[in-house]
Structure formats: structure tokens, C-alpha cells
Amino acid sequence: MRIGVKTGIVILAGGMMVGCGSSDGESGPSINDARAPAPLDSPSDVAVAASYINAVSVINGGVAELGEFNPLVARKLYVAGSKLKVEDSCDGDNGRFVYDDTTAEETVRIEFHGCRLDGAVLNGTLTLECLSGSFDDESCVNERVTFGENGADVSVVETGEVFRIKGIWEFSEVAGFETISQTLEARVASGEDLQAAYVADGFEMDIDYSGGADPVIFVNGKLGLAAVGTDFDCGLGGMVTYNTLTQIGLNADGDPVSGRVRLNNAQSQVAIIEFQSNGDLSVTVNGGTSTVTRAQYSSLCAING
């Protein structure tokens with residue numbers, strides 16, 4: 001699994017937008033803020049919306065870490081005997097997890113109950129399914145992770161930082177072609193430095209490694225993002241729909257250097273972005289085309305420096 005290798009167009013260090021107050025009982029932006037239509041009124045608005053793709057790499061990386069942990073647990077417990085239900089402590093006597101693989105073939109379900117793992121406290125339910133291959137012999141090439149159960153989420157709390165997530169994430173790999181699909185809701189809180197809400201609704205990223213060292217990617221579906229923080233001042237945020245018109249080429253650093261993507265929102269606003277070889281964006285909106293430079297893009301919290 002190569003998740004995180006050149007798949008995310010740089011890093012989240014800036015793919016964050018300023019949102020409104022939370023309506024779900026927590027401070028900061030809410031899921032509803034992330035679902036509101038993202039403005040596409042100006043080239044700057046469009047550039048901000050384009051930067052949402054950066055958040056995908058961070059979510060994929062977080063999912064991959066949890067996804068790598070669970071098959072390891074599954075394989076360890078298979079050694080003791082298959083089709084078990086096992087309860088075990090996490091770090092010492094701090095919490096516990098419940099492991100269950102009795103529900104279906106190549107399916108692992110883990111409940112975390114105040115489970116302390118490497119300094120983080122986990123709560124919630126994760127279900128892993130291997131759709132092609134096997135967890136047992138590490139041959140799984142298509143796996144689905146379901147976060148939460150019956151509307152509840154999975155939470156990871158560490159040193160004042162809180163990450164909550166629910167929904168479905170799926171990864172598959174065939175002959176050098178990876179597909180990552182998300183239908184997720186996530187909340188991130190790190191004091192005043194960063195509070196964010198993220199929504200992926202049928203979003204899919206395809207990564208094609210077959211053409212050489214540098215991959216090309218395709219992004220399609222809906223993403224919503226809203227955030228506040230000490231270093232963020234990037235617009236209103238909200239949800240936008242992506243449709244790749246021409247494959248997005250990445251350079252050795254993972255920066256987009258070619259490709260065209262159509263963006264639209266629930267208010268029927270439409271824009272086209274075209275990535276340039278020097279890192280600039282060509283933005284077409286409201287009948288006109290203009291350039292957003294790489295430096296401007298960075299100032300909009302779209303690129304990490």
C-alpha cells in the first residue's frame with residue numbers, strides 16, 4: 001500500500017478555510033459549515049476551493065495508519081486461533097479493545113474503549129473488510145474501512161488534539177493503479193491553532209503509476225472543508241464538486257504541474273482550473289480567465305510554503 005506517496009498534492013499545512021460557528025456542540029466549524037456551498041465568485045475563491053485536495057492526503061494518511069494497525073492485530077490474533085473474540089488491554093491497564101472476526105470472512109471488527117495506544121486514547125468502532133486477497137497472508141489489495149457505528153464516530157485524543165471521524169474509506173490497487181474512495185465526515189481540534197470540519201461525499205482519487213516515476217491523478221466527487229486557526233484566513237469554506245477534465249500530472253515533489261479540473265457548487269456556479277508547469281493556476285470563472293501565481297496560491301493556504 002503506497003498511500004501518502006505523491007498522492008496528495010503537497011500537504012494540509014494549508015488546505016484550510018475559515019468557517020462559521022459550530023452547530024454540533026463543539027467549538028469551531030461544524031459539519032454543516034463544511035457542507036454549505038463553497039463560493040466560486042472570484043479566482044481567489046476558486047484557488048481556495050482547489051486547495052481542498054490537500055486535505056485528502058492528510059485524511060488518507062490518517063486512515064492508512066489506522067488501517068495498517070488493524071490488519072496487524074488481526075494477523076497476530078489469527079496465530080492464536082481463527083474466528084475468535086478477544087478482549088485485551090491496550091497500554092498496561094489503560095482501557096481495552098474488543099476484537100471480533102466472527103461476523104464474516106475477511107472482516108475484522110474492533111471496538112476501542114478508552115484504549116491508550118502510543119499516547120493516544122481511542123474510542124469507537126472500526127470495521128475492516130478485505131475485498132480482494134487476504135489479511136492473513138498480507139495479500140489484501142482492496143480494503144474497506146468503516147469508521148463508527150449507528151451514527152457514532154471514532155475519536156482519537158492525544159495531548160489536547162482531537163480527531164473524530166465516521167463513514168467509509170476504501171482503497172484498491174491493481175497493476176500500478178490505485179483508487180481511494182471516501183464518504184466521510186471528520187472533525188479536527190487542536191486548541192486555537194486549528195479547528196476544522198471535513199466532508200467527503202462520494203469523493204474518489206485515482207492515482208496512475210504506470211506511466212513512469214511521477215504519477216498522474218484524477219479527482220472526482222464532492223469535498224467540503226471549513227476551518228479556523230491562528231494562521232488561517234482563507235475564505236468561507238464549504239462544499240465543492242470536482243470533475244477532472246484532463247489528468248493531473250505531478251512532479252517529483254508531488255506538486256501539480258498539468259491538468260484541468262472543473263469545479264461547481266450547489267448554487268450552480270462553475271469554474272475551471274488548469275495547473276501550469278511553474279506551479280501557477282489558470283482560473284476561468286464568470287467568463288474570464290486569469291492567473292493565480294504559486295505565491296498567491298500559497299498565501300491562500302493552498303500550498304505548504
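The values are calculated or read from the model by the stated rules, or taken from the named source; none is laboratory data. As the structure is a computational prediction, the values presented were derived from the model and not from experiment. Neighbour counts run over all protein chains shown; Cβ positions are idealised from the backbone, glycine included. SASA here: full protein model, heavy atoms, side chains in, ligands and nucleic acids out. Shrake-Rupley method; radii C 1.70, N 1.55, O 1.52, S 1.80 Å.
With a 1.4 Å probe and every protein chain left in place, work out the accessible area per residue of the range 235-292 in Å², rounded to a whole number.
Ligands and nucleic acids excluded, the figure is 44 Å² per residue.
Rounded to the nearest 20 debye, what is the charge dipole size of the range 110-154 about its Cα centre when +1 sits on each Lys and Arg Cβ and -1 on each Asp and Glu Cβ?
Values: 2 positive and 9 negative charges, 40 e Å.
Once rounded to the nearest 20, the dipole reads 200 debye.
Tell me the Kirkwood radius of the range 173-251: reciprocal of the mean inverse pair distance over distinct alpha-carbon atoms, in Å.
14.4 Å
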